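Worksheet: one structure, shown below.
The values are calculated or read from the model by the stated rules, or taken from the named source; none is laboratory data. These numbers come from a predicted model, not from an experiment. Neighbour counts run over all protein chains shown; Cβ positions are idealised from the backbone, glycine included. Surface accessibility is based on the protein's heavy atoms, side chains included, excluding ligands, DNA and RNA. Shrake-Rupley method; radii C 1.70, N 1.55, O 1.52, S 1.80 Å.
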Amino acid sequence: ARWQALVQEAEGRFSTDRRPSIEGADIDPGAIRAAKDNARRADVVDTLSLRQRSIEDTPKVDGPGLVLANPPFGLRVDGGADLTKQWALWGDRLRQQRAGWRILLLAPGRELADAAGAHGKPLLRFPHGGLDVALVDVSGR
């Protein structure tokens, strides 16, 4: 009887109506279209907010929260441009606009991770788009 009461109490605290806010953004309209198509196929389009915008236009949102971003690198970048300044902007902007959030980036190497403000060892390493990448924390904690 006691166990059933605990289960009922726990179930009463759990709500499937409370979903996290999931937002996606990209400067490329083609990337937004592809993300919407993927969300439709996965039947999750109603749980997402997808917008075309640049990192500079990221609005301020109070925490807590999680950012998981895949900034441009590799073949997605024209002519092998130096991305150090752009990655520094990504890190700075996300820390300003998402204070109190955990900010994780997929980085193709230590140089760009450091430019974005990564600290500590990578959380995870794996192949992505033909490159080895690392998931790094740039939260500034």
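Here is how the numbers come out for the structure above:
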{"quantity": "Any hit, the stretch 67-87, residues being open to solvent by 70 Å² or more (accessible area, probe 1.4 Å), modelled with pLDDT of 90 or more and either of a type in the set (Phe, Trp, Tyr) or over 22 Å from residue 118 (Cβ atoms) (or both)", "calculated": "no"}
{"quantity": "Subset tally (residues that are under 15 Å from the mean Cα position of the chain (by Cα) and farther than 14 Å from residue 69 by Cβ) for the stretch 97-141", "calculated": "3"}
{"quantity": "Where a residue in the stretch 81-109 is outside any loop (DSSP other than H, G, I, E, B) and its partner, wherever it lies, is open to solvent by 20 Å² or more (accessible area, probe 1.4 Å) and not aliphatic (A, V, I, L, M), with Cβ under 6 Å and at least six apart", "calculated": "91/117; 95/140; 97/60; 106/70"}
{"quantity": "Complete set of residues in the stretch 27-51 that are more than 19 Å from residue 71 (Cα to Cα), surrounded by 11 or more Cβ atoms within 10 Å (Cβ to Cβ) and among the acidic types (Asp, Glu)", "calculated": "37"}
{"quantity": "Residues satisfying the stated conditions in the stretch 39-63, i.e. part of a helix (DSSP H, G or I) and out of contact with any helix residue (DSSP H, G or I) (no Cβ under 9 Å at 6 or more places or on another chain)", "calculated": "40, 41, 57"}
{"quantity": "Which numbered condition residue 61 fails, given (1) open to solvent by 70 Å² or more (accessible area, probe 1.4 Å); (2) touching a Lys or Arg at 6+ places or on another chain (Cβ under 8 Å)", "calculated": "(1)"}
{"quantity": "Qualifying residues in the stretch 124-141 (those that are closer than 21 Å to residue 63 by Cα and not hydroxyl-bearing (Ser, Thr, Tyr)) - the one surrounded by the fewest Cβ atoms within 10 Å (Cβ to Cβ)", "calculated": "141"}
{"quantity": "Cβ pairs under 6 Å, 6+ apart, first in the stretch 20-31 and assigned to a loop (DSSP other than H, G, I, E, B), second of a type outside the set (Phe, Trp, Tyr)", "calculated": "27/54"}
{"quantity": "Qualifying residue in the stretch 91-101 (condition: loosely packed, with under 13 Cβ neighbours inside 10 Å and of a type in the set (D, E, K, R))", "calculated": "no"}
{"quantity": "Residue count for the stretch 127-141, restricted to those that are hydrophobic (A, V, I, L, M, F, W, C) and either over 16 Å from residue 87 (Cβ atoms) or in contact with a Lys or Arg (Cβ under 6 Å, 6 or more places away or on another chain) (or both)", "calculated": "1"}
{"quantity": "Selection within the stretch 102-123 - over 10 Å from residue 138 (Cα atoms) and open to solvent by 40 Å² or more (accessible area, probe 1.4 Å)", "calculated": "108, 110, 111, 121, 123"}
